[in-house]
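The values are calculated or read from the model by the stated rules, or taken from the named source; none is laboratory data. Note that the coordinates shown come from a computational prediction; the quantities given were computed from them, not determined experimentally. Here Cβ is always computed from backbone atoms with ideal geometry, including for glycine, and neighbour counts include all displayed protein chains.
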Amino acid sequence: MNDEMLTRCEEVMRKVCEDFGAELKEFNGETDHVHLLVHYPPKVALASLVNSLKGVSSRRLRAEFTGRGNRAIMHGRFWSPSYFAGSCGGAPLQAVKDYIAQQKRPD
């Protein structure tokens, strides 16, 4: 992904979070993955939120950026089926935000 695709991905994911009553606090990405800091209510199942984030963004980005992704690498998938989620309840929120903001975003 490039900067333009990541910017659109952030917009899409921000809207998905809002639909779940969650807030996308920080977003950044690299050519092959994204980092999100999301504050979501306890009633929201994390797997459901992630599924929607990946599904909606995949459909929108494929439609809007046809031919930009290398489908052969991911066997036709836009996102990997896996994800990492960590709790940051004990870490200073600003430290997590800074980490995400400092990722090397492609041009």
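Numbers for the structure displayed
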quantity	calculated
Test: residue in the stretch 66-74 that is surrounded by 16 or more Cβ atoms within 10 Å (Cβ to Cβ) and at pLDDT below 95	yes
Lone qualifier among Lys54, Lys43 - being farther than 17 Å from Pro106 by Cα, in a loop (DSSP other than H, G, I, E, B), out of contact with any Gly (no Cβ under 6 Å at 6 or more places or on another chain) and at pLDDT 95 or above	Lys43
Qualifying positions in the stretch 1-19 - assigned to a loop (DSSP other than H, G, I, E, B) and either without any contact (Cβ under 8 Å) to a residue 24 or more places away in the chain or within 13 Å of the chain's Cα centre (by Cα) (or both)	Met1
Some residue of the stretch 20-31 being β-branched (Val, Ile, Thr), part of a loop (DSSP other than H, G, I, E, B), in contact (Cβ under 8 Å) with a residue 40 or more places away in the chain and surrounded by 11 or more Cβ atoms within 10 Å (Cβ to Cβ)	yes
Filter result for Tyr99 (hydroxyl-bearing (Ser, Thr, Tyr), surrounded by 11 or more Cβ atoms within 10 Å (Cβ to Cβ), part of a loop (DSSP other than H, G, I, E, B) and under 16 Å from the mean Cα position of the chain (by Cα))	no
